[in-house]
Amino acid sequence: MCGICGIWSWQRDNHTLRHVLRMNQAQRHRGPDDEGYVFIQVDGDAFLEARGEDTQGSADMPDVHTVEVEQFDLVLGSRRLAILDLSPSGHMPMSFAGGRYWITYNGEIYNYRELRQTLEEKGHTFHSETDTEVILAAYAQWGTDCLHRLNGMFAFALWDAYRRVLFCARDRFGIKPFYYCLTPRMFAFASELKGLLQHPSVSRDLDEETVYDYLVLGLSDHAARTFFADIRPLMPGHYLLIHVDTPAPCPRRWWQVEINPAVDEPACHNEEEIVAEFVSLLEDAVRLRLRSDVPVGSALSGGLDSSVVVSVMNRLLTQERDIPAHLIGTRLKTFTARNLEPEIDEYRYSHQIVELTGAEEFCTLLQPQALWNALDRFVWALDEPVNSTSQFAQWSVMELAKQGGVTVLLDGQGGDEILAGYYAYLPPYIEQIRHQQGLWPALEAALQVIRVGGRNAFHVLYRHYRHMFPGRLARGLSALSSHRPLPGQGGSALQDWQLAPSFMARFQAKQWHPTMGWEEGGLVGLLHRDLTSTNLPKLLRYEDRNSMAFSLETRLPFLDYRLVEFVSSLPLSYRIRRGWSKWILRRGFQDMLPREICWRRTKLGFPTPEFRWLLAGSSRIRTLLGRWQDSPLLTRYVRRDAIRTMLSASDEEMVQMPGLWRVINFLLWHERYVEEP
């Protein structure tokens, strides 16, 4: 697990490669254990390894500050968080086949042992116990097709000196980040925006449409764009090749998921066998993700997904005993965030799993002052503005895990997206039934959903079907479906009356809502969008930045590609059945989990009491708004009178203004990422 960066300069008459040092240093939190560089001549065989202040076992390498960079065209940099083979043999950038191949790599290949055995049978030899060397050998054997054999999370840049090509790739879901910038003079890449921005040739000009999407539409991640106009992410499941004679990169898709659109299908397989196969795949996904040479633990929220992960980890630990005891301890460690508000505190559920498994429980009580004390570090760590304060709850869990002495953390991220765990999936599910099976089966499904999901489910369905009811009935149903937000809900977007007219006029034709697009694609379209372009990419960015801020590696069993492809091949009834979401997960693990958790009807997510937290920071919010109220930056997006309305309101009124969190988060982010040199 590492931070990576690199620069390919089209000319040797400048010092552009020198900036790799600052790029690498900005990502030190991603890899405090080691530091490395390799400078390469792309039109010859010459290369030079160099060391930095944190390089381990580097007596024979020159200091990176002394390298005459004008002799080289390409530099690869690495920061290492040692997870497998903690010795200097895991140093990166790593070479293979006598310097023909070089790689800088961030991630974990969980099936590296099996791949290594296959490659050894084909004649390859290895000098370390790392998965990094396995990637190099796999590329030497299969070229770019090696990607299909990798089960893991990864982002890497691999230089092939024979073909004179730089091969950059990202894992199927984009769990590990890869950003790049192309200018007339160079190609540069890094794991994080803050790393890439250390190069003076990388523009800090904003992508105004992305700013609009964040402030107004409530989006905080775009699979194909960033907040910076000239910086792009390599898309999940894509790779790009940069050739010495045609340096312009052309991303290519190497993986995509195909989701079965059928609500149900005639029984062609035994249902018990399908459930058993699902259980086996998920258990093996957890088993592979326990491979480590450093201590391992798990996040535990009390929800269904993390409860399953912890329970499976505990069974593998106590029954199979194939995990070295010193990496777990006498008991599995779990890390949980608690809330003071009983409506959003899930401790009653998480503690049941702790008692059931005998795990060692670590809890942190979320406090508003902790947010304000850490806000500057939090904004810097997350790379781009975030939706709401709930992301700080995850930050707090990662901080707790670091204090608890683990380096690898498993959690349940991705379960909702592959198993249709959100309330927003219910209307398109019912519509898909109506199109495939008719009106009465759809009405029956709607009643089952309401029976299981109660008022929350009814509220979601009513919002989408209210236009179908006559006035008096609609008013009665509206009262019945009245929805009181929980204390943890917030993070709302700005409204029209708050927006600067010119800003609104540029993008007002854009619209977005959580279920947009499902009218055409049904539940399949919504699942695919959330998995590949909106919801999951956003959550994976939060996951990566929050964990790496504390030099932790998080692993996500639900995003094992074998599991995702298996679930995607099944009819939708294995996701939602008789009103229950995540049906196959509940059915498969009902004998392992307490019934109250397995067949739980409510879903909270990762909430925080946002309004109360904002109220606790009201004085700082006023100072920030006061400092920016007449600035060209803020008034480019927000009306002056809207800002004055916020400042003149009472503290309680101010913190409930639409879009307040997004405005202050954006301002703090702008100070750190755009204004600072």
> Lys/Arg Cβ at +1, Asp/Glu Cβ at -1, dipole of the range 119-258 taken about the Cα centre: which of L166, W254, F154 is farthest positive-ward?
Replying inline: L166
> Which of the aspartates and glutamates could a cross-linker bridge to K333, judged by Cα under 13 Å and excluding same-chain residues fewer than eight apart?
Replying inline: E355, E360, E361, D411
>> Cut-off is 10 Å between beta-carbons; in what order do S306, S128 appear when sorted fewest neighbours first?
In response: S128, S306
> Of V286, M313, T330, which is farthest along the charge dipole of the range 273-336 in the positive direction, counting Lys and Arg as +1 and Asp and Glu as -1 at C-beta?
Replying inline: T330
>> With +1 on the Cβ of every Lys and Arg and -1 on the Cβ of every Asp and Glu, and nothing else charged, how large is the dipole of the range 617-675 about its Cα centre, in debye rounded to the nearest 20?
In response: 160 debye
> Which loop trypsin sites (Lys or Arg not before Pro) in the range 266-335, with loop taken from DSSP, have no more than 13 other Cβ atoms within 10 angstrom of their Cβ?
Replying inline: R321
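Once the Cβ-Cβ distance between R463 and S201 is put in as r, and R0 is 45 Å, what FRET efficiency do you end up with, to the nearest 0.05?
Details: r = 48 Å, r/R0 = 1.06.
Approximately 0.40, to the nearest 0.05.
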> Given the C-alpha centroids of the range 83-112 and the range 36-75, what is the distance between them in whole angstrom?
Replying inline: 17 Å
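Between E277 and K122, 0.36 nm times their residue separation minus their Cα-Cα distance comes to what? Walk me through the numbers before you get to the answer.
Details: separation 155, 0.36 × 155 = 55.80 nm, distance 3.10 nm.
Separation in residues times 0.36 nm, less the Cα-Cα distance, equals 52.7 nm.
Only Lys, Arg, Asp and Glu count, each charged at its Cβ (+1, +1, -1, -1), so figure out the dipole size of the chain about its Cα centre, rounded to 20 debye.
Working: 72 positive and 83 negative charges, 429 e Å.
Rounded to the nearest 20 debye, it is 2060 debye.
Which GluC sites (Glu not before Pro) in the range 1-83 sit in a loop by DSSP (not H, G, I, E or B) and have at most 16 other Cβ atoms within 10 Å of their own Cβ? Spell out each step's value before the answer.
Working: sites: E35, E49, E53, E68, E70; in loops: E53, E68.
Here the GluC sites (Glu not before Pro) that fit, given the DSSP loop and packing criteria, are E53, E68.
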> Can you list the GluC sites (Glu not before Pro) in the range 322-372 that are in a DSSP coil and have 16 or fewer other beta carbons within 10 angstrom?
Replying inline: E343
> Given the C-alpha centroids of the range 361-393 and the range 616-650, what is the distance between them in whole angstrom?
Replying inline: 22 Å
>> To make sure I understand the rule: partners must be lysines, Cα under 19 Å from the Cα of K538, and not fewer than 8 residues away in the same chain. Which ones qualify?
In response: K176, K194
>> Return the equivalent ellipsoid semi-axes of the range 617-675 as a descending list in whole Å, where each equals the square root of 5 times an eigenvalue of the C-alpha gyration tensor.
In response: 18, 13, 10
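Percent relative contact order of the range 617-675, based on C-alpha pairs within less than 8 angstrom and at least six residues apart? Working shown, then result.
On the way: 21 pairs, mean separation 19.6, N = 59.
Value for the range 617-675: 33 percent.
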>> What percentages make up the Cα-Cα pair-distance distribution of the chain when the bins are 10 Å wide from 0?
In response: 3, 15, 24, 26, 20, 9, 2, 0, 0
> Expressed as a whole number of Å, what is the distance separating the alpha-carbon centroids of the range 203-222 and the range 522-580?
Replying inline: 23 Å
> Hey, got the dipole for the range 128-275? About the Cα centre, +1 on K and R Cβ, -1 on D and E Cβ, debye to the nearest 20?
Replying inline: 940 debye
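Let's test the formula: R0 of 35 Å, r as the Cβ-Cβ distance of Q352 and E114. What FRET efficiency results, to the nearest 0.05? Please list the in-between numbers first.
Working: r = 36 Å, r/R0 = 1.02.
About 0.45, to the nearest 0.05.
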>> Run the reach check for K582 against aspartates and glutamates, Cα to Cα strictly under 13 Å, same-chain hits fewer than 8 apart removed. What comes back?
In response: D305, D416, E417
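No value in this document is a laboratory result; all are computed from the given coordinates. Keep in mind that what you see is a predicted model, and the values were worked out from it rather than measured. Virtual Cβ from ideal backbone geometry, glycine too; neighbours counted across all protein chains shown.
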